Amino acid sequence: MKNDIQDLGLVLESRVRLVVIESWEERRVLEAIGALAIKRQQTWYTWDQIDGLQRLGFGSALEEADDLVDPEVALDHIRRHRQPALYVFCDLHPFMQSPRLIRLLKMIAMDPSDNAPTLLLISHELSLPPELQRLTARLSLSMPSDEQLAAIIREEAARWTERNQGQRVRTDNRTLQQVVRNLRGVTHEEARLLARKLIVDDGAITQEDLPVLNRAKFSLLDMQGTLSFEQDTARFADVGGLTQFKCWLADRQAAFHEPRVNGDTPKGVLLAGVQGSGKSLAARAVAGLWGLPLLRLDFGALYNKYIGETEKNLREALAMADAMEPCVLWVDEIEKGLGEDGADQGVSRRVLGTLLTWMAERKSRVFLVATANNVMQLPPELIRKGRLDELFFVDLPDARVREDIFRIHLGNRELAVERFDLPALADASEGFAGAEIEQAVVSAVYCAAARREEVESAHLLDALSQTSPLSVVMAERIQALRDWAQGRAVMAD
């Protein structure tokens, strides 16, 4: 609060007569303005659609004859009386289409005298017409720091303890730190609401609460549309192979969670490879490994037939991801949104420019995970080092990894893994991608159920023999992709 009051004081000292404050915390803004008015010994008034213009604190009384609920009448009253006071208008945005109201705002904003009034417009969102923008100063309230977020959690825990006969809220330091990290980007009141929801159910803050917190935060920030919140993030135990990729992530986890001052923060990776080899699963697993919310950017939902709308949609989606920091942003099959086919009147190039600008300039801790089936379609400026940290190639699994994949999918279906001949299954599935192995397991389960038999290795071998993997169906294209990756990308396994 102290910093907000100081920032607002500096704006007022510059003698700007029109100030816009966009915030969801109207009460907190009013408290800051009131504290500043008392400090400056200045009269201040508030206006809203219900009570009209009202005096707060000391100063001249208002004329009761005026209909000061009407915003145009209230502004005209302020212009005519010319008091050097602060006038705070709450939710003026529905009236911004009125030419007369805009003119009144402009006249007050251009008043050069020392006794001119100062208008402060408060709203969750306020767009000004061009003629007012250069006469206006914009101010944003500071977001709570980690120390303030931790204090809010402690306060809510203390309140819960008082209401529950002295019982203490159960948690551990690691979980508490993760909760604080995941609360970044919300306001003080929103943080208090989310912390209260975590505690009130069972009097505990545990690892199981983190996905609930992330979903609630995503819903609170109203991010539906081009961005979706992925509810289930895979564990790396559910991903066969990718040994080098897992080690790479483990080495950078601490640097992402606790970045040093002026230090480098991991930016993201591109996972290229054969279709069905587990790229999307690996992208989900990054969020699971790092304990972060996972957002998925849908390029198909971005595109709009009106000029400029597609780029605007992307900018808004990226701004939403920034607000959810720290998080993982997953862009699946990115080449389909940024591929160079020349048939979209330059929209892909403009979208690429918007994305590249964000990747180069962002300060938020958003880890980008992009996947591509055909990396050769991507523009070179996207995949160069600096924009992304590394390019990994996810190849077809070898025999050892295929055994792991069988083990995972059999275990997921509660089948006793020890009853199966995993080496024989691995040999029979040479050239199969992970998704194709899973479908073979599914087919074997269906077949055995139809025959009222227990699933055995024979069912799996039969399912494998009836499947032609993609590496056979499209052998030339798959081999060309694998040849391209040699020497150009880091092998994920």
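Please treat every number below as a calculation from the coordinates, not as lab data. A quick note: this is a predicted structure, and the numbers were derived from the prediction, not measured. Positions of Cβ are backbone-derived with ideal geometry, glycine not excepted, and every protein chain shown enters the neighbour counts.
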**Q.** Whichever lysines have a C-alpha closer than 22 Å to that of Lys197, once near sequence neighbours (fewer than 8 apart) are set aside
**A.** Lys217
**Q.** the chain: relative contact order as a whole-number percent, Cα under 8 Å and 6+ apart
**A.** 12
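Helix-only mean residue ellipticity at 222 nm, the chain, DSSP H runs n ≥ 4 weighted -39,500 (n - 2.57), per residue, nearest 500. What is it? Numbers along the way, then the final one.
Working: 22 runs with 237 residues, N = 493.
Taken over the chain, the calculation gives -14500 deg cm²/dmol.
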Q | Whole-Å distance, taken between Cα centres, linking the range 95-116 and the range 1-47 | A | 19
Q | Segments 139-149, 439-449 sorted - mean Cβ within 10 Å per residue, highest first | A | 439-449, 139-149
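Can you list the DSSP H helices in the chain whose Cα atoms extend at least 30 Å along the helix axis and whose mean Kyte-Doolittle hydropathy is -0.5 or higher?
On the way: long enough: none.
None clear 30 Å together with a mean of -0.5.
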Q.
Can you give me the distance in nm between label points at Trp484 and Arg400, each placed 7 Å from the Cα along the Cα-to-Cβ direction?
A. 2.8
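Using only alpha carbon pairs under 8 Å that are at least six residues apart, calculate the relative contact order of the range 407-493 and give it in whole percent.
Working: 55 pairs, mean separation 24.0, N = 87.
Reported relative contact order: 28 percent.
Shape verdict for the range 377-446, please, from the Cα gyration tensor: rounded (a/c under 1.5), prolate (a/b greater than b/c) or oblate.
On the way: a/c = 2.92, a/b = 2.74, b/c = 1.06.
The shape class here is prolate.
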Q: Treating cross-link reach as a plain straight distance, find the lysines whose alpha-carbon is under 18 Å from the alpha-carbon of Lys39, omitting any fewer than eight places away in the same chain.
A: Lys2
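GluC sites (Glu not before Pro), restricted to the range 391-445: which are DSSP loop and have at most 10 other Cβ atoms within 10 Å? Write down the numbers at each step before the final one.
On the way: sites: Glu403, Glu414, Glu418, Glu430, Glu436, Glu438; in loops: Glu414, Glu430.
Here the GluC sites (Glu not before Pro) that fit, given the DSSP loop and packing criteria, are Glu414.
Using 1/(1 + (r/R0)^6) with R0 = 22 angstrom and r between the beta carbons of Ser14 and Glu131, what's the FRET efficiency to the nearest 0.05?
Details: r = 20 Å, r/R0 = 0.92.
Result of the calculation: an efficiency of 0.65.
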Q) So how much slack lies between Asp7 and Ile50, counting 0.36 nm per residue of separation and subtracting their Cα-Cα distance, in nm? A) 12.5 nm
Q. Roughly speaking, what is the centre-to-centre gap between the range 243-276 and the range 312-388 when only Cα atoms are used, to the nearest Å?
A. 17
Q: Would you mind working out the magnitude of the charge dipole of the chain relative to its Cα centre, with +1 at each Lys and Arg C-beta and -1 at each Asp and Glu C-beta, to the nearest 20 Debye?
A: 1300
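For the range 119-200, what relative contact order do you get, as a whole percent, if you take Cα pairs closer than 8 Å and at least 6 residues apart? All intermediate terms of the calculation are to be shown ahead of the outcome.
Numbers: 43 pairs, mean separation 33.7, N = 82.
Contact order relative to length: 41 percent.
Hey, could you get me the Stokes-Einstein D for the chain, Kirkwood radius over alpha-carbon pairs, 25 °C and 0.890 mPa s, rounded to whole µm² s⁻¹?
Using the Kirkwood radius from Cα pairs, D works out to 92 µm²/s.
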Q. Of the cross-linked pairs Lys246/Lys363; Lys106/Lys363; Lys363/Lys385; Lys336/Lys385; Lys267/Lys312, which ones have a Cα-Cα span greater than 29 Å in the structure shown?
A. Lys106/Lys363
